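The values are calculated or read from the model by the stated rules, or taken from the named source; none is laboratory data. Here the structure is a predicted model, which means the values were calculated and not measured. Note: ideal-geometry Cβ built from the backbone for every residue, glycine included; neighbour counts use all protein chains shown.
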Amino acid sequence: NAGVTQTPKFRILKIGQSMTLQCTQDMNHNYMYWYRQDPGMGLKLIYYSVGAGITDKGEVPNGYNVSRSTTEDFPLRLELAAPSQTSVYFCASRTPHPDRESNQPQHFGDGTRLSIL
Amino acid sequence: GQNIDQPTEMTATEGAIVQINCTYQTSGFNGLFWYQQHAGEAPTFLSYNVLDGLEEKGRFSSFLSRSKGYSYLLLKELQMKDSASYLCAVRDRTNQAGTALIFGKGTTLSVSS
């Protein structure tokens, strides 16, 4: 069971370039999330999805886009890379539960370390 | 608004006990999670509290007081491998469909021999 897989692990981009961070999970989880983590800061939610075809903005969505065409995949797109987007990006997923007060944790991928120069 | 506070750094020695505190303010509290994150790695789930009281899991325990907006993670019999960042995260039913987590900045624990 691979869990949550993110690619690439590292990437350096020039200002203005675009790229897609890939995230796939094999646990049949409906809920998926993208976070960014800056040094000394907590994880900030960028976008999330509660199922295929459904996405919504998180706390820091500007400069990013997502899509969710399948249950397994939740790619994050940077259209015009800016230095402020230098960060570590984590994808996470969890299984839904009819009762929201559920102890189901989010499972995280290993992260993508992105530098924009 | 939502706010989560935890100490930035803590140090301890092998074999000791350490308590990492977390205070939070949320509109619709719906559970508190503790994650461990080793440098350069992904966060991994440690514990979950939604009702008041203590949850014990081996060397790790987590406590919650909803009336005080307070939680702590207790680590016993510390080992060198416990050196990591510990993240407190709260789920708020009024935020992002009640599914996403709001994370604190993390507490970096250094364990020395």
Pick from the stretch A:25-56, criterion outside any strand (DSSP E or B) and of a type in the set (A, V, I, L, M, F, W, C), ranking: farthest from the other protein chains (Cβ to nearest Cβ) = A:Ala52
All strands (runs of 3 or more DSSP E) inside the stretch B:13-113 with 2 or more residues being within 14 Å of chain A (Cβ to nearest Cβ) and either within 13 Å of the chain's Cα centre (by Cα) or β-branched (Val, Ile, Thr) (or both) | B:18-25, B:29-37, B:44-49, B:60-65, B:84-92, B:101-103, B:107-112
Residues within the stretch B:38-59 that are surrounded by 13 or more Cβ atoms within 10 Å (Cβ to Cβ) and under 21 Å from A:Phe90 (Cβ atoms), tallied = 9
Filter result (out of contact with any Lys or Arg (no Cβ under 9 Å at 6 or more places or on another chain), part of a loop (DSSP other than H, G, I, E, B) and under 23 Å from B:Ala42 (Cβ atoms)) within the stretch A:64-85 = A:Arg68, A:Thr70, A:Thr71, A:Glu72
Residue under evaluation A:Gln6, criteria (1) outside any strand (DSSP E or B); (2) at negative phi; (3) at pLDDT 95 or above, criterion not met = (1)
Across the stretch B:1-37, which residue is nearest to A:Met41 (Cα to Cα) among those that are of a type in the set (Ser, Thr, Tyr) and either modelled with pLDDT of 95 or more or surrounded by 17 or more Cβ atoms within 10 Å (Cβ to Cβ) (or both)?
-> B:Thr8
Selection count, the stretch A:102-117, where residues are hydroxyl-bearing (Ser, Thr, Tyr) and either within 12 Å of the chain's Cα centre (by Cα) or not in a loop (DSSP other than H, G, I, E, B) (or both) | 2
Could you check how many residues of the stretch A:18-34 are modelled with pLDDT of 95 or more and touching a Lys or Arg at 6+ places or on another chain (Cβ under 6 Å)?
-> 1
Within the stretch A:10-36, work out how many residues are surrounded by 14 or more Cβ atoms within 10 Å (Cβ to Cβ), over 11 Å from the mean Cα position of the chain (by Cα) and within 21 Å of B:Gln37 (Cα to Cα).
-> 1
